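Have a look at the structure below before the remarks.
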Amino acid sequence: MYKILRVDMTKKACVFEDVPAEYAALGGRGLTSAIVAQEVDPTCTPLGPHNKLVFAPGLLGGTTCANANRISVGCKSPLTGGIKEANSGGQPGGHLSRMGLHAVIVEGMAEGEWFNLELTADSARLVPSQEAGLNNYAAVAKLAERYGQDCSYITIGRAGEFRLAAASIAFTDRELRPARHAGRGGVGAVMGSKGLKAIIVDPSKRNELPVKNPDAFNAAAKRFAKALMDHPVCGQGLPTYGTAVLINILHEAGGLPTNNFSTGRFDGHEAVSGEMLNQITKERGGEGIVSHGCMSGCIIRCSGVYPDKNGQEIGKWPEYETIWAFGPDSGINDLDMIARYDYMCDDVGVDTIDVGGALALFMEAGVLKFGDAEGALKLLGEISTGSAVGRVLGSGVAVTGKVYGLRRVPEVKGQGLPAYDPRAVKGQGVTYATTPMGADHTAGYAVTANILSVGGQVDPLSTSGQIELSRNLQVATAAVDTTGLCLFVAFAVLDIPDALAAVVDMLNARYGLSLTLDDVPALGKKVLETELDFNRRAGFTPAHDRLPDFFTDEPLAPHNVTFDVPDAELDTVFKW
């Protein structure tokens, strides 16, 4: 039987509970959002005792399903003021599923104290933390000395301890790198506000969680894995070049935001592309790795290990959004430096999108010049010291824009825009404006149809079809996030009909259900309605579902287009 673990930081109490009926058929984002909406006052202070932090693996986690071991983290966001779900790869999601934990709910506050949560399948206790004051890599190294290499670890770095609005939560990968992050929305600040430094997940014990129909499950799992490997993006592009394969593609499309969203192409794009990432890793050899899975069960393997000039590991392959934020958006074309920035962000525990976007704003404000790689390195180092400038940078785009009195501040609901200019990729602009999560590309990844022609082509420069595209993708994504599947399976799901059918068949076989394909959008809509209701109760109105007006006023080269999807149409996205 699955259990929910409730951790009261005020009383220092850990209690296992039966799963309530209303939470039983949910996992991942669907479950975190349901718990937050049910148990958190939407008007509460995000960094106060009334907020809750929820960890939940997905419905297919801990099984033989490929790419199904991601974990969702939910709370009221200190960045947006609304509901938040951030998800991550790494080992803890699969471990929690196999241990029979449906969710971990952290509530209350341990004021002035730091604790670790020691967690097994049938026990949980809070112990004083010996890792407070350390960043993620040093903290995990110290924890692994004490608890061993077979556990997985969930930690915050100094940014989380400082409760910075762009602080992330780190999850260890298969080699115990704290390099997979629930990055967006300031979830790390909420963990820090609770006084929780680390969670030690010991998977040595596991509860028996039988699959209702194992033969049917295994057959569907094989169909699903075949669909992933047969798709050119999942089976070839991502394993070879990582997510950075998009750098050259978005440059050619004129939608690669450069120098703080001032133009759509970057002259140094080839030097920071996925192709160059692959080439450097192969040429340097040593500890470099092309095609690496961040979690057990990953067959797409879109990550890698980036080596320095001596073949020594710097860190994981930087993701596309990270390369963009510290590369084109900041005018820097040096992959070695970007890899170091990425490691620093993983270590101190901040979202690379919001902090990279804030770095570009420091450049726009004249603190640094665009392209100043050494200056960027020094500035990023300030986050760990807790200096005033480090706290501004570590709080992300919206705060930095206010501090420096800037107009071109790319954020929605307080969250910085990711690596696709909404003027040249208009379906993505609709998602940025309307998702309850704040500007979040993963909430409805319209790049698939706008640029990559996955699931059918929708002209990225036209307003036609963008509302329906974003709506359908937001619905589908909410459902995918509930299963625990990696979002990159969407490429196969959109193009290969049997991929989605296999997912439905696995859910039915595991839980003894009789779902149909029609139930998938119904699940996604239910999740979105829960999130939208929370935000409405928190005070959000249609006025919050808008892009900053420089996107509607300033034409973007090379296409010289603005974001011109009418407000009246944006207001129809969630009118089913």
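Below 13 angstrom from the Cβ of Asp567, what's the summed charge of the other residues (Lys, Arg +1; Asp, Glu -1)? The partial results should precede the final answer.
Working: positive: Arg546; negative: Asp545, Asp549, Asp564, Glu569, Asp571.
Residues close to Asp567 contribute a combined charge of -4.
Might you work out the accessible area of Ser262 for me, using a 1.4 Å probe with all protein chains in place, and round it to the nearest 10 Å²?
It works out to around 50 Å².
For Leu461, what is the net charge nearby, where nearby means another residue's Cβ is under 15 Å from its Cβ and Lys, Arg count +1, Asp, Glu -1?
Neighbour charge sum, excluding Leu461 itself: -1.
For the full complex of protein chains and a 1.4 angstrom probe, list Arg6, Arg537, Arg407 by accessible area with the highest value first.
Working: Arg6 45, Arg537 105, Arg407 125 Å².
Per-residue accessible area, sorted high to low, gives Arg407, Arg537, Arg6.
Heavy atoms only, probe 1.4 angstrom, no DNA, RNA or ligands counted: give me Ser395, Ser204 ranked by accessible area, highest first. Walk me through the intermediate numbers first.
Numbers: Ser395 20, Ser204 95 Å².
Putting Ser395, Ser204 in descending order of accessible area: Ser204, Ser395.
Ignoring ligands and nucleic acids, what accessible area does Thr448 show with a 1.4 Å probe (Å², nearest 10)?
Here the accessible area works out near 10 Å².
Quick one: putting +1 on the C-beta of Lys and Arg, -1 on the C-beta of Asp and Glu, what dipole do you get for the chain around its Cα centre, in Debye to the nearest 20?
On the way: 51 positive and 66 negative charges, 228 e Å.
Value, rounded to 20: 1100 debye.
Using a ≥ b ≥ c from the Cα gyration tensor of the chain (square roots of the eigenvalues), is it rounded, prolate or oblate, where a/c under 1.5 gives rounded and otherwise the larger of a/b and b/c decides, a/b for prolate? Walk me through the numbers before you get to the answer.
Values: a/c = 1.29, a/b = 1.15, b/c = 1.12.
Rounded is the answer for the chain, as its axis ratio a/c remains below 1.5.
Dipole magnitude of region 76-223 about its Cα centre, charges +1 at Lys/Arg Cβ and -1 at Asp/Glu Cβ only, in debye to the nearest 20? Don't jump to the answer; show the numbers that get you there.
Details: 19 positive and 15 negative charges, 93 e Å.
Rounded to the nearest 20 debye, it is 440 debye.
Can you list residues from other chains, or at least 5 along the same chain, whose modelled amide H is less than 5 Å from the amide H of Thr263?
The list, which skips near neighbours in sequence, is Thr258.
Please list, in chain and number order, the residues 5+ apart from Glu313 or on another chain whose amide H is under 5 Å from its amide H, with Hs placed from the backbone.
Glu287, Asp308
How far is it, in nm, from the label point at Lys282 to the one at Thr516 when both lie 7 Å from their Cα along the line to the Cβ?
Between Lys282 and Thr516, the label points sit 4.9 nm apart.
Can you sort Asp495, Asp346, Asp18, Asp545 by solvent-accessible area, 1.4 Å probe, largest first?
Solvent-accessible surface, decreasing: Asp18, Asp495, Asp545, Asp346.
Not counting ligands, DNA or RNA, and with a 1.4 Å probe, what is Trp576's accessible surface area in Å² rounded to the nearest 10?
Accessible area, nearest 10 Å²: 110 Å².
P(r) for region 281-409, please, calculated from all Cα pair distances in 10 Å bins and given in %.
Taking every Cα pair in region 281-409, the percentages come to 14, 42, 30, 13, 2.
For region 27-35, just list the computed ³J(HN,Hα) in residue order, Karplus coefficients 6.51, -1.76 and 1.60, θ = phi - 60°, integers in Hz, with x standing in for Gly and Pro.
x, x, 4, x, 7, 4, 5, 5, 5
For the chain, which whole-number percentage of the solvent-accessible area (1.4 Å probe, protein heavy atoms only) is attributable to carbon and sulfur atoms? Write down the numbers at each step before the final one.
Details: 9860 of 19440 Å².
Reported share for carbon and sulfur atoms: 51 percent.
Tally Lys/Arg at +1 and Asp/Glu at -1 over every other residue whose Cβ is under 15 Å from the Cβ of Asp18; what's the total? Please report the intermediate quantities before stating the final value.
Values: positive: Lys3, Arg6; negative: Glu17, Glu22, Asp122.
Summing Lys/Arg as +1 and Asp/Glu as -1 gives -1.
What list of ³J(HN,Hα) couplings, whole Hz, do you get for region 262-269 from phi and the Karplus terms 6.51, -1.76, 1.60, once you set θ to phi - 60° and write x for glycine and proline?
Along region 262-269, the couplings run 8, 7, x, 9, 10, 4, x, 4 Hz.
Looking at region 273-335, which trypsin sites (Lys or Arg not before Pro) are DSSP coil and have at most 15 other C-beta atoms within 10 Å of their C-beta? Can you show the working numbers first?
Details: sites: Lys282, Arg284, Arg301, Lys309, Lys316; in loops: Arg301, Lys309.
Sparse-neighbourhood loop trypsin sites (Lys or Arg not before Pro): Lys309.
So, for the chain, what is the accessible surface per residue at a probe of 1.4 Å, expressed in square angstrom? Numbers along the way, then the final one.
Working: 19440 Å² over 576 residues.
Heavy-atom accessible area per residue stands at 34 Å².
Rounded if a/c is under 1.5, else prolate if a/b beats b/c, else oblate: with a ≥ b ≥ c from the C-alpha gyration tensor eigenvalues square-rooted, which is region 452-555? Show your work: numbers first, answer last.
On the way: a/c = 3.00, a/b = 1.44, b/c = 2.09.
Because a/c hits 1.5 or more and a/b fails to exceed b/c, region 452-555 counts as oblate.
The values are calculated or read from the model by the stated rules, or taken from the named source; none is laboratory data. Here the structure is a predicted model, which means the values were calculated and not measured. Glycine also receives a Cβ, built like all others from the backbone with ideal geometry; neighbour counts cover every protein chain displayed. Accessible surface is based on the protein model in full, side chains and every heavy atom, while ligands, DNA and RNA are left aside. Shrake-Rupley method; radii C 1.70, N 1.55, O 1.52, S 1.80 Å.
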